[in-house]
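The values are calculated or read from the model by the stated rules, or taken from the named source; none is laboratory data. Because the structure is predicted, anything quoted here is derived from the model rather than measured. Using ideal geometry, Cβ is built from the backbone for each residue, glycine included, and neighbour counts are taken over all protein chains shown. Please note that ligands, DNA and RNA were not included when accessible areas were found on the heavy atoms of the full protein model with its side chains. Shrake-Rupley method; radii C 1.70, N 1.55, O 1.52, S 1.80 Å.
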Amino acid sequence: MGRSVVVVVMLAVMAAPARAAPAPALPAAALPSPPASDAELLGVLATIHAVNREAAAPGRTRGTDRRVRALAETVTRHAIAGQRRQMALSQEIEQRAVDGDTGDGLRFAARRASPGLAALGRGPEFDEAWLKGQIETLMLVIDAINNKSRPYAQAPALQQELVAVVEQAAADLAAAQALQAALAKPVS
C-alpha cells in the first residue's frame, strides 16, 4: 500500500504542468529610458561629437600609419563641424542640450570600445587596436542615432541633423573598415 501511494503522488506531481517562475522585474532606475525630448536628443548629439573626438585623439597623436592619422584627423574634423552645427541647431530650436540615459550609455560603451589602448606602444599593433576601437565607437554612434534618437526627434531640423550625422558616421565607418582590411593584408 505504501508503494502505491508513492507512485500515485509521483504521477500527480509529474502530470502537473511545469510553471516557470516569472522573471524578476528590474527596478525602474535600472531600465534605460528613451530620450524624452529634443533637448535630450541635442545632448545625445553633443555626446556623439565629444565621443568621436575622444576616440580619434589617440589615432591622431600616436598612429604610425599615415592613413590611420588621416582617418583620425577626418573623424575629428567631422566631430568639430558637428559640434558647431549642434550649437546652431540648439539656438534655432530654442532648446539647451541636456544629458540623459542614451548619452550616458554611449559615453560608457565608447570608453570600453578601446581597452588597453594607452598601454600599447606606437606601431602596427597600436594602429590595429585603434582602428578596432574606432570601428566599434562608430557602430555605437550609428546605433545611438538610428535606434535611440531618430525615432523620438520632434523638430524637423533636429531630424535632419540626426540623418546628417548618421550618414557621416557611416562614411567614416566604411573608411575605417576599408583601412582595417588594407592594414590586414600582408605587405609584398
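Observations
- Sequentially through the stretch 120-132, phi angles give Karplus couplings (6.51, -1.76, 1.60; θ = phi - 60°) of 7, x, 5, x, x, 4, 5, 4, 5, 5, 5, 4, 4 Hz, Gly and Pro residues having no value and appearing as x.
- Residue by residue, the stretch 160-172 carries 3J(HN,Hα) couplings of 5, 5, 4, 5, 4, 5, 5, 5, 5, 5, 5, 5, 5 Hz when phi is fed to the Karplus relation 6.51 cos²θ - 1.76 cosθ + 1.60 (θ = phi - 60°); x denotes Gly or Pro.
- Accessible carbon and sulfur surface of the stretch 127-188 relative to its total accessible area, %, 1.4 Å: 55
- Global form of the stretch 85-172, assessed from the alpha-carbon gyration tensor, a/c cut-off 1.5: prolate
- Length added when fully stretched, GLU54-ASN146, from 0.36 nm per residue minus Cα-Cα: 31.0 nm
- With a simple spin-label model that places each label point 7 Å from the Cα along the Cα-to-Cβ direction, the separation between LYS132 and ARG107 comes to 2.7 nm.
- The trypsin sites (Lys or Arg not before Pro) found in the stretch 58-157 that occupy coil by DSSP, while having at most 11 further C-beta atoms within 10 Å, are ARG96, ARG122.
- Computed 3J(HN,Hα) for the stretch 74-80, one whole-Hz value per residue from the Karplus formula 6.51 cos²θ - 1.76 cosθ + 1.60 where θ = phi - 60°, is 5, 4, 5, 4, 5, 5, 5, glycine and proline marked x.
- Counting charges near ALA182 (Lys, Arg +1; Asp, Glu -1) among other residues having Cβ under 10 Å from its Cβ returns a value of +1.
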